[in-house]
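Below you'll find the structure, written out as structure tokens, and then a few comments.
No value in this document is a laboratory result; all are computed from the given coordinates. Note that the structure is predicted; figures quoted are calculated from it, not measured. In this analysis, Cβ positions are derived from the backbone assuming ideal geometry, glycine residues included, and neighbour counts consider all displayed protein chains.
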């Protein structure tokens, strides 16, 4: 019974870390990468669709992304969606292909993005701790209903704490990597 709780807690904590890593991919560094714009929603015949479902997104070089819509009529709509996004990117179309140049980040912008990274990391840590709290409450309920002994409760809480420490360390590691990547010129 405790093993199932630990397994569930581990999976839920892993989802928190995965979500955090996905959030980091959307933050702009100096380099071009497709995950930066793939999540942008585009109006496709009245339906909001992610950009990567209406066009192919590729990196041309380290500072340029190319977007090739599958339908020629989508070029202007995709340009508009990219321009409206809060990423501060300016698309340039050349016929069927849209090129997006990644401007170099200023020192001030790098520091702002670093603050966002730290904020996202703290949110991920809080999510992991919330999972820990919920699992510990379930363990206490099991003790109250006399489904487990006090020794099992203590051991279960210790193991959940070890899981929490492991996943918080993963979040801290991912945050440090992203900050290092951001501060490279």
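The table that follows gives values for the structure above.
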| item | result |
| --- | --- |
| In nm, spacing of pseudo-spin labels at residue 133 and residue 41 (7 Å Cα→C-beta vector) | 3.0 |
| Cα-projected label distance for residue 80 with residue 3, points at 7 Å along beta-carbon direction, nm | 5.8 |
| Nearest-0.05 FRET efficiency for residue 22 and residue 161, computed from C-beta distance (R0 30 Å) | 0.70 |
| GNM result for the chain, Cα springs below 10 Å: residue of 27, 65, 143 fluctuating most strongly | 143 |
| Value of relative contact order over the stretch 15-55, rounded to a whole percent, pairs C-alpha under 8 Å and six or more apart | 24 |
| Efficiency of FRET from Cβ geometry, residue 176 and residue 58, R₀ 30 Å, rounded to 0.05 | 0.55 |
| Paramagnetic label zone (point 7 Å from Cα along Cα-to-C-beta, residue 92; backbone N under 18 Å) in the stretch 31-51 | 31-33 |
| FRET E, pair residue 11, residue 183, Förster distance 30 Å, beta-carbon r, rounded to 0.05 | 0.35 |
| Percent RCO, i.e. relative contact order, over the chain, from Cα pairs under 8 Å lying at least 6 residues apart | 25 |
| Within the chain, helix-based [θ] at 222 nm, where runs of 4 or more DSSP H residues each add -39,500 (n - 2.57), nearest 500 | -20500 deg cm²/dmol |
